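Here is the structure we will look at, set down as structure tokens.
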């Protein structure tokens, strides 16, 4: 069995070594631009080059080294007509929950304001926000969204969720579909975006939608930057309708040096690190799925090309 490995950032050799350790019966190979491939059974990719996709005519399935699939689906019909399989949790759900909990508590406990005070030598205790009025709204209730929901409930926040299709979750006020989005936003104080990037969600959080949040609301985006209309977010922060944001993802990455987000103190920026792929867990998960496919068994986390995730 031959397994092709490729990452757009070039950091592929550790993956080759990991696959060799987990699947010693298979030949794990890396591809470099300009090489002509011998037929491979499976491909494991992240941000693939177009020239590589043209050579994947014999693979039985394509695996992704992460949960997001937009970087692959953008190639449309040029993709081989084989199953596309994303990672499940693979340790990312806990990381997402940690990241979001930190961002929520930083805003709720007013640590951002205390940081500013400390820089100016000010000692000024601030009143607590009423927790019962501090509703956390989570957009996206899949494998990565649910650990965030659970973490917010553990801290005692009122939690509401929004998804494409109906959900029934204990202790969570659930909304679904575009017809339920406005009501979901109206009652949300902290909006956590965990949606996949699709044609339906691109620029979904624009001035109109973000403007429906409660005055003084806060945005946390850990999914894809293109879901948020960045100029609209900036305008709403400058107007005071949105108090601030913690952003881990952006329309263009790395975030360009001249981008106005860098100079807005109410926006906290991290370099797409809210949930890093844990290589060993990812390789083990992919290896188990390859074994299942070889034995004619079903596998989970199949990408629906029509839905875009």
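Once the convex hull of the C-alpha atoms of the chain is built, how many Å³ does it hold per residue, rounded to a whole number?
Looking at the chain, the number lands at 153 Å³ per residue.
Semi-axes of the equivalent ellipsoid of the range 92-269: what are they in whole Å, largest first, if each equals the square root of 5 times a C-alpha gyration tensor eigenvalue?
Equivalent ellipsoid of the range 92-269: 24, 20, 15 Å, largest first.
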Computed, not fitted: 222 nm per-residue ellipticity of the chain from DSSP H runs ≥ 4 (each -39500 (n - 2.57)), nearest 500, equal to -8500 deg cm²/dmol
Bridge orientation stat for the chain from DSSP, antiparallel percent rounded to 5, came to 0 percent
Over all viewing directions the Cα convex hull of the range 1-104 casts an average projected area in nm² of 7.5 nm²
Rounded to the nearest 10 degrees, the helix 279-294 long axis (Cα) sits at an angle to the longest Cα principal axis of the chain of 50 degrees
If N is the residue count of the range 24-74, its Cα Rg over 2.2 N^0.38 Å rounds to 1.14
From the Cα centre of the range 106-184 to that of the range 195-215, the distance in Å is 16 Å
Stretched fully, the stretch from residue 116 through residue 241 gains (0.36 nm per residue minus C-alpha distance, one decimal, in nm) 43.0 nm
Taking Cα atoms, the helix 13-22 axis meets the longest principal axis of the chain at an angle in degrees (rounded to 10) of 70 degrees
The chain, Gaussian network, Cα under 10 Å: of 87, 128, 169, the residue fluctuating most is 128
For the chain, longest principal axis from Cα atoms; helix 177-186 axis from its Cα atoms; angle between them, nearest 10 degrees, is 30 degrees
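Read-outs throughout are calculated quantities, based only on the coordinates presented, and are distinct from any laboratory measurement. Just so it is clear, the model here is predicted, and its values are computed rather than measured.
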